[in-house]
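Shown next, in structure tokens, is the structure this report addresses.
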Amino acid sequence: MFWEKEKISLASAAAEIDQQRLASYYPKINEFLTQINLIILDKNQQTKLALCSLLAGGHVLFEDLPGLGKTTLASSLAHLAGLKFQRIQFTNDMLASDVIGINMFNQKEHQFEFKQGPIFTQILLADEINRSSPKTQSALLEAMEEGIVTVDGVRYSLPQPFWVVATQNPLFQSGTYTLPESQLDRFLMRLALGYPSRQAEKTLLKQSSRQELIANLNHVFIEQDILDLQQLTQQIYTSDTVLDYILDLAEETRKGRQGLSTRGVLALKKAAQAYALIEQRSFVIPDDVQAVFNAVVAHRIGTSEAETAKIMLQVSVV
């Protein structure tokens, strides 16, 4: 039924996007996914969603037990994307200035100078972000939303593209703090890797360390590639039928205690556009929305993935 209604609009939309430019990136996207799946075994959907987050220009949060490959995946993403990379190990005694930077007095010049913090990079790995206090966590809010930081009333622009890949440990572990809802909402997606399959874990035991494998990888993209792909993602056609489907899903979530915000609705659309591009299409179909729905919505409305999946089942595709 969907295809019958959409044939004409999809045909006209295809003419509006630079198909040749779009197709030129498909081999690189395939190579990116192939390479990262050599490092992160048996997690093809999670790596695809992580790339989806980057192309959509959204930040991603990995939540899982320690030692399941969250940091390895983040390092692999940064390496293959060919962008400048910084890692911050969050601890309970960390201050906001350790992330953003600080004004220091230059005795020689007799004036204050701003010393940039590690946030001034293109890919920031915020490792175990929920081990720092809420005040320090909030230092990332402005940067994640606007791509700038403010220190003593002066605004500083961050390098572009700017992407935060954060990891957090489950809250039942000691020394962790709950991420504020306002910060959770800044993450386009929340993903979990889970335990690898027995065969994948056996392969891990036989291979060299993950860090050696990452070091031997070649960059697949360069900075301009990522900027181009983010621009192309915004041009992926989303029909009125798909937009109505997204709105129907949002309305269904709002029947509960905490529904999807307008920012969340926009995030769902952007993620679906990026997923369509990775699937080598210039238009979004409902399957794209369904593929990203859990990762985009669950952390925003405070439900488990199973509960979020039930919400999706309540809405029919017209």
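Only the coordinates and a few stated rules stand behind these numbers; no lab work does. These numbers come from a predicted model, not from an experiment. Backbone-built Cβ (ideal geometry, glycine too); neighbour counts: all protein chains shown.
Structural descriptor for segment 43-222: relative contact order 33 percent, calculated from alpha carbon pairs under 8 angstrom and at least 6 residues apart.
Taking segment 192-210 and a reference point 7 angstrom along Cα→Cβ of ASN44, the backbone N atoms nearer than 20 Å belong to 192-204. Solvent-free Debye calculation, one equal scatterer per alpha-carbon of segment 43-222: log10 I(q)/I(0) at 0.09, 0.10, 0.15, 0.16 Å⁻¹ equals -0.35, -0.42, -0.90, -1.01. Rounded to the nearest 0.05, the FRET efficiency derived from the C-beta distance between GLN19 and SER316 at R0 = 30 Å is 0.40.
Dipole orientation for the chain: of the candidates ALA306, VAL164, SER208, SER208 has the Cα lying most toward the positive pole (charges on Cβ; Lys, Arg +1; Asp, Glu -1).
Relative contact order, percent, of segment 119-199 when contacts are C-alpha pairs under 8 Å separated by at least 6 residues? Worked out over segment 119-199, it gives 39 percent. Just HIS219, HIS59, HIS79 to compare: in a GNM of the chain, with alpha carbon springs under 10 Å, which one fluctuates most? Highest fluctuation of the listed residues: HIS219. Projecting label points 7 angstrom from Cα along Cα→Cβ for ARG198 and SER138 puts them 5.0 nm apart.
Please give me the summed charge of the neighbours of GLU145: other residues whose Cβ is under 10 Å from its Cβ, Lys and Arg +1, Asp and Glu -1. Present the calculation step by step, with values, prior to reporting the outcome.
Working: positive: ARG186, ARG263; negative: GLU142, GLU146, ASP185.
With Lys, Arg at +1 and Asp, Glu at -1, the neighbours total -1.
Only helical runs count toward this figure. For the chain, summing -39,500 (n - 2.57) over DSSP H runs of n ≥ 4 and dividing by all residues gives -14500 deg cm²/dmol at 222 nm. To the nearest 0.05, how large is the calculated FRET efficiency for GLN107 and LEU227 if R₀ is 41 Å and r is the Cβ-Cβ distance? My answer for the efficiency is 0.55. Residues considered: VAL164, VAL154, VAL297. Largest GNM mean-square fluctuation over the chain, using C-alpha springs under 10 Å, is found at VAL154.
Hydrophobic, long helices, defined as DSSP H runs whose alpha-carbon span along the helix axis is 15 Å or greater and whose mean Kyte-Doolittle value is at least 0.5, occur in the chain at 70-81, 262-278. Between HIS219 and THR91, the modelled labels are 3.1 nm apart [label points 7 Å from Cα along Cα→Cβ]. Enumerate the whole-percent occupancy of each 10 Å bin, from 0 to the last occupied one, for all C-alpha pair distances of the chain. The percentages, shortest bin first, are 6, 25, 32, 25, 9, 2, 0, 0. Largest GNM mean-square fluctuation across ASN44, ASN130, ASN294, computed for the chain with C-alpha springs under 10 Å, falls on ASN44.
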